[in-house]
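Have a look at the structure below, then the notes.
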Amino acid sequence: MTEPTQKKSPVLFLIRMVQGAIIGLGAVLPGISGGVLSVIFGIYKPSMELLSNPFKNFKSHVPPLIPVIIGGIIGFLGIARLLGFFLTQYPDPSVCLFIGLIAGMMPSLFREASEQGVTKGSYISLFVCMIVIFLLLAGLQVASVTIEANFVSYLFCGFCLALSVIAPGMSFSTLLMPLGLYTPFIEGIGNMDLQILIPAGIGAIVTVICLAKLINALFQHFYSIAFHGIIGIVIAATIMIIPFSSFVTSITSCIVNIVCLVVGFIASLLLDRFNSKVKAESM
């Protein structure tokens, strides 16, 4: 190993930890998918290769992913309590910040989705998924469906959480919020409540074991169609969390929301530019 490489290694390790922390953060934040962030950071493919064939790829894939895993745990657990505070005290500005982050991700998402070419089927997939998810979430919202928080429901929370990591664009918060499970789940994570963490962990592990190979195969054989479908889901889920009413409540709230949208959008673009530089340096 050359001297420049040795000097770079700690820096790249730290960068990967930061990226892992951001992925963990995104896994908790409403409307944001840890899977989307892992795609943007170039971590999704090796992660799915490891999860779909853990014994075969353990030695080759685990060492490079160690800083990402460490950072992910820190980001996931560290942000939960803080997130609960901001969502309670400043719900609308917080959501607008998240929406800005998602909007800023769109150029990189379309770039990733078009990596292996685009077909008519890709756009059909995008619009069909967008319409289906929009109608589903709108229906849940209108019906005001809620589920009692118990062991079984936290198994479902774990399923949604794992799905948001292995399926780019799926945000577990988008599925849990309409069901009334998001707040108790996040509070349980922030308080390290084992009655919540254990069933959620079981649900997440079972989901990864059952679906990792299927989703990995789907992206390998129908990459553009699958990815554009995910983008449709992201668009629909994002529209559903826009706090429209807060924009007309007062001029102040409208201005604050717009500022948060712009800040989130710019931050996401800068993050994408930073990640592009990191990719170029590590190749």
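Values quoted throughout were computed directly from the atomic coordinates according to the rules given, and no laboratory measurement underlies them. In this text the structure is predicted, and so the values were computed from the model without any measurement. Note that we place each Cβ from the backbone using ideal geometry, even for glycine, and neighbour counts take in every protein chain shown.
Structural remarks
- For the options 46, 54, 168, a Gaussian network treatment of the chain with springs between C-alpha atoms closer than 10 Å singles out 54 as fluctuating the most.
- Between 0 and 90°, nearest 10: helix 3-28 axis offset from the chain longest Cα axis: 20 degrees
- What you get for the chain, charging only the Cβ of Lys and Arg (+1) and of Asp and Glu (-1), is a dipole of about 700 debye around the Cα centre.
- Residue (of 225, 117, 34) at the positive-pole extreme of region 8-282, dipole from beta-carbon charges: 117
- Per-residue HN-Hα couplings for region 160-165 [Karplus 6.51, -1.76, 1.60; θ = phi - 60°; Hz; x = Gly/Pro]: 5, 5, 5, 5, 5, 8
- Lys/Arg +1, Asp/Glu -1 at C-beta; the chain dipole; positive extreme among 180, 206, 44: 44
- A dipole drawn for region 8-282 from +1 and -1 charges on Cβ atoms has a positive end, and of 60, 130, 215 the residue lying farthest that way is 60.
- Choice from 26, 121, 158 with maximal GNM fluctuation in the chain (Cα, 10 Å cutoff): 121
- Folded to 0 to 90 degrees: helix 54-89 orientation relative to the chain principal axis, Cα: 30 degrees
- 5 Å-binned pair-distance histogram of region 8-282 (Cα, whole percent): 1, 6, 11, 17, 20, 19, 14, 8, 3, 1, 0, 0
- Computed 3J(HN,Hα) for region 124-135, one whole-Hz value per residue from the Karplus formula 6.51 cos²θ - 1.76 cosθ + 1.60 where θ = phi - 60°, is 4, 4, 4, 5, 5, 5, 4, 5, 4, 5, 4, 5, glycine and proline marked x.
- Where no second cysteine Cβ lies under 4.7 Å, the cysteines concerned in the chain: 129, 157, 160, 210, 254
- Note on the chain: lysine pairs with Cα distance below 21 Å, sequence gap of 8 or more or different chains, count 11.
- Listed residues 263, 28, 36, most fluctuating in the chain (Gaussian network, C-alpha, under 10 Å): 263
- Degrees, to the nearest 10: 251-282 long Cα axis against longest axis of the chain: 10 degrees
- Shape class for region 156-246: oblate, because the ratio a/c of the largest to smallest gyration tensor axis (alpha-carbon atoms, square roots of eigenvalues) is 1.5 or more and b/c is at least a/b.
- For the chain, adding -39500 (n - 2.57) for each run of n ≥ 4 DSSP H residues and dividing by the number of residues yields -28500 deg cm²/dmol at 222 nm.
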